[in-house]
Amino acid sequence: MNITLRNLLASTLSTGGPGPAMTVRTAKHGERVGILGYGAMRLPTVDGGNGAGRAGKPVEGASQADIDQAAVNEHVDYALAHGVNYFDTSPAYCMGKSERVLGAALSRHPRDSYFIATKMSNFSPEQYSFEASKALFEKSLEYLRTDYIDFYLLHAVGMGGFEAFSKRYVENGIIPWLLEQKAKGRIRNLGWSFHGDPKAIEWLLQKHDSGEYVWDFAQIQMNYVDWRHAQENNKRNIDAERLYEELEKRQIPAVIMEPLLGGRLARYNDALMGELARLDPEATQASWAFRFCGTYPNVLTILSGMTYKENLVDNIATFSPLKPLTSVELAVLERAALAYIATGVIPCNNCNYCMPCPYGLDIPGIFSFINRVKSAGMKDPGEILREYEKAIPDPRRRADRCIGCGLCATHCPVPIRIPRELDSVAAYMEGLKK
Ligand code: SF4
Ligand code: SF4
């Protein structure tokens, strides 16, 4: 792909308040969208934490205190003043509170100054019927204080396999109903977010190609590691380059999730990032990862969950305006991706969907710990054992307590074979004691 030529053609018009303006991209129906999108999955809580967790499913370790409406209002005001105008939520986020809080914050501004993205979620089979699905959409309108949704998504298609996708979105006949809502102007753009089974995406694209269902956008996981190495990390994944190209050739704009790979590309091993540091000593690790995604012109917006205002301020600076990567920088990032893959990290993005484990294990905590060991190149057995005790202080929450029931694995969007990975971690830790 001739990236340099495409970059010249990419939209770099600007929007926003004081300071250098943010790069914008154009959506299917001419909407001008800031290239940084506000992800409302982990909003700040009144006790200083984040309110992560799916509706009805608290996340251990995340605060379940009320969302701090004043802080969210302040974020939204700052974001809008600096060119961020795409706000992504779902009925599932923040224990089901995200849409309401975001609706309260956004509705203080003119409706045509922002775009709302929300989803027909698939978190509970009780919502799978035609009537329940319609009710979910109507509730989103109510909570978001609007009479139309700018970007509406079938949530996490492919998670749990093709059969689950078919039950959730096909057999109940909800897609034709959503298309009717689009014809009425209650949905402005209809798309989907993809996690998992390639058969689901093949089905969706085949419908698009036949003209039966035309998709206006799609949300995919993309970052410089998953670009060419998603499959190396996990055989059941699809490389982001292939996903991106499938969308680009159909002119379906791509919304990007996981640009930082669950935050791991923001706190990478300095030794592996040395080459980039020499290219630009001032640049943060996160800024390289964000710029990678923005370099591709069919990317509409890049979502980032910015619980704290400093994340918002930093990320706005990266994109105001976006500096597309040069071919030299892209090559350096590819080498960094290879080095990252060689460490054998587990592709956990810390989403917490697998929690709580009925047997009390701290699954994301264990994976985050072992990934830190691998990417930091820790070798000393004593140090690793001590760090494990610090990371997971309660022995009942450690990997060796997994009974292999597999309940967690059905919820993992990556997907990771969680019991098998935990078994390997347990064996590794046991080996260090000898
Ligand atoms: S497989 Fe292990 S980690 Fe997963 S739910 Fe069962 S006991 Fe918990
Ligand atoms: S194991 Fe899967 S579901 Fe659990 S936190 Fe990691 S990515 Fe999310």
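What helices (runs of 4 or more DSSP H) completely inside segment 277-380 contain at least 1 residues that are assigned by TED's automatic domain parsing to the domain that holds P419 and within 16 Å of ligand 2 (Cβ to nearest atom)?
Result: 363-375.
Would you point out the residue of segment 249-262, among those that are of a type in the set (A, V, I, L, M, F, W, C) and modelled with pLDDT under 95, that is surrounded by the fewest Cβ atoms within 10 Å (Cβ to Cβ)?
L260
Could you tell me whether L144 is surrounded by 16 or more Cβ atoms within 10 Å (Cβ to Cβ) and without any contact (Cβ under 8 Å) to a residue 40 or more places away in the chain? Spell out how you get there, then give the answer.
Details: surrounded by 16 or more Cβ atoms within 10 Å (Cβ to Cβ): yes; without any contact (Cβ under 8 Å) to a residue 40 or more places away in the chain: no.
Judged against the criteria, L144 is not a match.
I need the full set of residues from segment 340-361 which are under 16 Å from A409 (Cβ atoms) and within 11 Å of ligand 1 (Cβ to nearest atom), in order please.
Result: C354, M355, P356, C357, P358, Y359, L361.
What is the residue count in segment 88-131 for residues that are of a type in the set (V, I, T) and in a strand (DSSP E or B)?
Number satisfying all stated conditions: 2.
Give the residue that is nearest to the chain's Cα centre (by Cα), with candidates limited to residues of segment 322-378 that are of a type in the set (F, W, Y) and over 23 Å from A283 (Cα atoms). Walk me through how you get there before you give the answer.
Filtering segment 322-378 down to residues of a type in the set (F, W, Y) leaves 340, 353, 359, 367, 369.
Subsequent filtering for residues that are over 23 Å from A283 (Cα atoms) retains 353, 359, 367, 369.
On the way: Y353: 13, Y359: 27, F367: 18, F369: 21 Å.
Applying the filter and picking the extreme gives Y353.
Against the definition (within 16 Å of ligand 1 (Cβ to nearest atom), farther than 28 Å from N223 by Cα and not assigned by TED's automatic domain parsing to the domain that holds M95), how does P419 come out, yes or no?
no
Whether any residue in segment 194-211 is among the β-branched types (V, I, T), under 20 Å from the mean Cα position of the chain (by Cα) and either surrounded by 18 or more Cβ atoms within 10 Å (Cβ to Cβ) or farther than 21 Å from A254 by Cβ (or both) is what I want to check.
Yes, segment 194-211 contains at least one residue that is among the β-branched types (V, I, T), under 20 Å from the mean Cα position of the chain (by Cα) and either surrounded by 18 or more Cβ atoms within 10 Å (Cβ to Cβ) or farther than 21 Å from A254 by Cβ (or both).
Between a residue in segment 20-37 that is within 16 Å of E248 (Cα to Cα) and any residue that is small (G, A, S) and part of a loop (DSSP other than H, G, I, E, B), which pairs come within a Cβ distance under 8 Å, given they are 6 or more apart or on different chains?
Here the result reads R25/A10; R25/S11; T26/S11, each pair linking segment 20-37 to a residue that is small (G, A, S) and part of a loop (DSSP other than H, G, I, E, B).
Quick check on V157: is it at pLDDT 95 or above, among the β-branched types (V, I, T) and in the same structural domain as E180 (by TED's automatic domain parsing)?
Spelling it out, it is not the case that V157 is at pLDDT 95 or above, among the β-branched types (V, I, T) and in the same structural domain as E180 (by TED's automatic domain parsing).
Please state which of the following conditions C293 fails to meet, knowing it meets all the rest: (1) within 28 Å of S98 (Cα to Cα); (2) within 16 Å of ligand 1 (Cβ to nearest atom); (3) not charged (D, E, K, R).
Here C293 clears every test but (2).
Would you confirm, using the coordinates I've provided, whether A27 is under 21 Å from the mean Cα position of the chain (by Cα), within 30 Å of R228 (Cβ to Cβ) and either among the charged types (D, E, K, R) or at pLDDT below 90 (or both)?
Considered against the rule, which asks whether it is under 21 Å from the mean Cα position of the chain (by Cα), within 30 Å of R228 (Cβ to Cβ) and either among the charged types (D, E, K, R) or at pLDDT below 90 (or both), A27 comes out as no.
Can you find, within segment 396-412, the residue that is surrounded by the fewest Cβ atoms within 10 Å (Cβ to Cβ) among those that are under 27 Å from N122 (Cα atoms) and more than 7 Å from ligand 1 (Cβ to nearest atom)?
By that ranking, first place goes to T410.
In segment 402-409, is there at least one residue being aliphatic (A, V, I, L, M), under 30 Å from A164 (Cβ atoms), under 21 Å from the mean Cα position of the chain (by Cα) and modelled with pLDDT of 95 or more?
no
Please enumerate the residues belonging to segment 173-215 that are in contact with a Phe, Trp or Tyr (Cβ under 8 Å, 6 or more places away or on another chain), assigned to a loop (DSSP other than H, G, I, E, B) and over 22 Å from Y128 (Cα atoms).
The one that is in contact with a Phe, Trp or Tyr (Cβ under 8 Å, 6 or more places away or on another chain), assigned to a loop (DSSP other than H, G, I, E, B) and over 22 Å from Y128 (Cα atoms): G185.
Would you mind telling me which numbered condition in (1) closer than 30 Å to D66 by Cβ; (2) surrounded by fewer than 20 Cβ atoms within 10 Å (Cβ to Cβ) T284 fails?
(1)
For E246, indicate whether it is surrounded by fewer than 16 Cβ atoms within 10 Å (Cβ to Cβ) and within 30 Å of L179 (Cα to Cα).
Spelling it out, it is not the case that E246 is surrounded by fewer than 16 Cβ atoms within 10 Å (Cβ to Cβ) and within 30 Å of L179 (Cα to Cα).
Within segment 402-421, which residues are in a helix (DSSP H, G or I) and either of a type in the set (V, I, T) or over 22 Å from H229 (Cα atoms) (or both)?
Residues satisfying the conditions are C408, T410, H411, I418, P419.
Out of P393, P415, P381, P419, which single residue is surrounded by fewer than 13 Cβ atoms within 10 Å (Cβ to Cβ) and of a type outside the set (G, A, S)?
P393
Can you find a residue that is under 30 Å from A92 (Cα atoms) and within 15 Å of ligand 1 (Cβ to nearest atom) anywhere in segment 381-394?
Yes: segment 381-394 contains one or more residues that are under 30 Å from A92 (Cα atoms) and within 15 Å of ligand 1 (Cβ to nearest atom).
The values are calculated or read from the model by the stated rules, or taken from the named source; none is laboratory data. Since the structure is predicted, the reported quantities are computational estimates derived from the model, not experimental observations. Positions of Cβ are generated from backbone atoms using ideal geometry, with glycine treated the same way; all protein chains shown enter the neighbour counts.
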